[in-house]
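Structure first, commentary second.
A short reminder: the numbers here are calculations on the coordinates, not readings from a lab. Owing to the predicted nature of the structure, the values given are computational and were not obtained by experimental measurement. Cβ: placed from backbone, ideal geometry, glycine included. Neighbour counts: every protein chain shown.
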Amino acid sequence: MAVDAVRRRVARGLPREQAPGAPPGLDPETHRALDAVFPGRQQIVARLAELLAERPERPVALDEFAVLVRGLVRVRGMSGGAGDAADTDAEADEDGVPAMFGEDVTEVCERFAAALTEARGKTDAEDRAVFDSGLGGLWDGAHELLRQGTYYVMKRRAGTVGREGLGPVLGSLAALRPAPRLHLVGHSFGGRLVSFALTGLPEGATVASVTLLQGAFSHYAFAERLPHAADRGGVLHDAPRRVSGPVVSCHSRHDTALGLLYPVASRVSWDDASLLPGDIRWGAIGYDGVRAVEGCPRLELAEALDGPFPAGGCVSVDVSEVVRHGVPPAGAHSDICHEELARVVLRAGRIGEG
């Protein structure tokens, strides 16, 4: 039962916020899912749930919460290491550990609480009404810290499983004669998994196409050089050469999980430069598409469906027209069940085209 709950949550991508009117704390399904995903750490999960339910008005309680979150996700010392969560060489510095695990917990919770408030304000009017009676304050930010901590683990695992698990399996399939045409499609952290699988392919093996639906990783992952650090690049800058067709990123501005919360959680430090208005260095590929890749076309959905489709390289497709519904904090992150997106996958793979 607990494993099924975890699978359902992973399949949906980023989990939803608590239902309106629900008591504070972790709902039973989330509690069971955390117990399953983090075996042997049930006591930590229980104490986190207790603190979220009680919401004590003591700074020391927030400090305890932060220590417990770090212990739960094991930022250091876990299989694969913190660096496996990095999407660019710049993130990999100093173990690539985001500031949310090392900076002052009050500041971190304040930033997450502010991002949640902004996320709620950016939804459609009918969705905003759900949060009229919502809670505020630092414990909302603390709840988001826990949520983002678990996403950090999912992100790290996605890279490891893609490179060390799926990549070699795809290589074995590519070695068959006749070799099958392999098309990879991934949503959220599944997009990171299939992208990192390209780095695990044996030399000479390729796949036919890759389509990312609301990919939950850096929009600079495929960049050879970063705009803000020209001597560094994305960790996947060489991956597109392992694809005989295009690498397509479907992105939506209605994805508040990636547009607002992901950048806050991904910052390596709260340095002034990373907090300048309009700064996009920590942006997600599922929010604004592929960045800093030369020759990468940016298509509207209608162009992608009816116009000439690029035969190779990175391609960004704005799917905001259909990927637009959902409540905060995730917004439209999981609103991907649309005929138009299926058609993009088929066009990327040249499937059904004479």
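Which percentage, to the nearest 5, of the DSSP beta bridges contained in the stretch 154-348 is antiparallel?
Looking only at bridges with both residues in the stretch 154-348, the antiparallel portion is about 10 percent.
Going by C-beta contacts inside 10 Å, put Met154, Met100 in order with the fewest on the left.
In increasing order of surrounding Cβ atoms, one gets Met154, Met100.
Treat each spin label as a single point 7 Å out from the Cα along the C-beta direction, and report the Ala342 to Asp238 distance in nm.
My value for the distance between the label points is 3.8 nm.
Of the listed peptides 257-263, 175-181, 66-72, 300-306, what is their order by residue-averaged count of other C-beta atoms within 10 Å, with the highest listed first? Write out the running numbers ahead of the final one.
Working: 257-263: 25.9, 175-181: 9.3, 66-72: 18.7, 300-306: 15.6.
So the peptides 257-263, 175-181, 66-72, 300-306, ranked by packing, come out 257-263, 66-72, 300-306, 175-181.
Just from the alpha-carbon atoms, what are the Rg and Dmax of the stretch 154-348 in angstroms?
Considering the stretch 154-348 through its Cα atoms, Rg and Dmax are 16.2, 55 Å.
In a shell of Cβ-Cβ distance under 15 Å around Val169, excluding Val169 itself, what net charge do Lys and Arg (+1) and Asp and Glu (-1) give? Intermediate results must be reported in sequence, preceding the final value.
Numbers: positive: Arg163, Arg242; negative: Glu164.
Taking every Cβ under 15 Å from that of Val169, the sum is +1.
Can you work out the FRET efficiency for the pair Glu29 and Arg298, with r the C-beta to C-beta distance and R0 = 51 Å, to the nearest 0.05?
The formula returns an efficiency of 0.85 here.
Quick query: amide H of Ala284 versus all other amide H atoms, modeled in the peptide plane; which residues come in under 5 Å with a sequence gap of 5 or more or a different chain?
It is His219, by chain and number.
Could you tell me the center-to-center distance, by alpha carbons, between the stretch 143-163 and the stretch 289-336 in angstrom?
If you average the Cα positions of each part, the centres end up 23 Å apart.
Taking the mean number of other Cβ atoms within 10 Å as a proxy for protection, how do you rank 328-338, 215-225, 53-63 from highest to lowest? It would help to have the intermediate numbers written out before the result.
On the way: 328-338: 23.0, 215-225: 26.2, 53-63: 13.1.
The densest-packed peptide leads the list: 215-225, 328-338, 53-63.
Of Gly186, Ser316, Ala330, which is farthest towards the positive pole of the stretch 154-348's charge dipole, taken about the Cα centre with +1 and -1 on the beta-carbons of Lys, Arg and Asp, Glu respectively?
Value computed over the given set: Gly186.
Could I have the simple spin-label model distance between Glu118 and Thr106, label points 7 Å from Cα toward Cβ, reported in nm to one decimal?
Calculated label separation equals 2.2 nm.
Can you order the peptides 26-39, 285-298 by their average number of other Cβ atoms within 10 Å per residue, highest first?
285-298, 26-39
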